[in-house]
Amino acid sequence: MELTSKQRKFLESKAHSLNPLVIIGGGGVTEEQIKQINAMLKNHELIKIKFNEFKDEKFSLTEEIARKTDSTLVRIIGNVAILFKQAEEKEKRNFIK
């Protein structure tokens, strides 16, 4: 999903108060984490991922996660990535209708 700059800013503001739901540590990005991220995106639509390790690869790893979960990278701020995946059912959409 392509986001406009206005949508991106809106999602960033909504993500500001969120805590990271996923921490990328020494094990890197595993298939199990991809499954968990996908489930979290389905439930929350908007999540944060914190990189405690692999900080130099955060851009490529976040792109890989977004591709595998069919989500959209909103922004990377410091070592935290914000991902968005719109709910399929309109009544479950919290952010972009």
- Matching residues, region 14-31, being within 12 Å of the chain's Cα centre (by Cα) and not in a loop (DSSP other than H, G, I, E, B): Ala15, Val22, Ile23
- Which residue pairs have Cβ atoms under 9 Å apart, sit 6 or more places apart or on different chains, and have a first residue in region 67-81 that is part of a strand (DSSP E or B) and a second that is modelled with pLDDT under 95 and polar (S, T, N, Q)? Thr72/Gln86; Val74/Gln7
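Filter region 6-38 down to the residues that are aliphatic (A, V, I, L, M), open to solvent by less than 50 Å² (accessible area, probe 1.4 Å) and closer than 17 Å to Ser71 by Cα and list them by number. Walk me through it before giving the result.
Applying the first criterion (aliphatic (A, V, I, L, M)) to region 6-38 yields 11, 15, 18, 21-24, 29, 34, 37.
Still in the list and also open to solvent by less than 50 Å² (accessible area, probe 1.4 Å): 11, 15, 22, 24, 29, 34, 37.
Once the filter is applied, which keeps residues that are aliphatic (A, V, I, L, M), open to solvent by less than 50 Å² (accessible area, probe 1.4 Å) and closer than 17 Å to Ser71 by Cα, region 6-38 yields Leu11, Ala15, Val22, Val29, Ile34, Ile37.
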- Whichever residue in region 39-56 is open to solvent by 80 Å² or more (accessible area, probe 1.4 Å) and not in a loop (DSSP other than H, G, I, E, B) and, among such residues, is farthest from Glu91 (Cα to Cα): Asp56
- Got at least one residue in region 76-96 being more than 14 Å from the chain's Cα centre (by Cα), open to solvent by less than 30 Å² (accessible area, probe 1.4 Å), at pLDDT below 90 and at positive phi? no
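The values are calculated or read from the model by the stated rules, or taken from the named source; none is laboratory data. Worth saying up front: this structure is predicted, and the values here are computed from it rather than measured. Neighbour counts run over all protein chains shown; Cβ positions are idealised from the backbone, glycine included. The accessibility values were calculated without ligands, DNA or RNA, using every heavy atom of the protein model including side chains. Shrake-Rupley method; radii C 1.70, N 1.55, O 1.52, S 1.80 Å.
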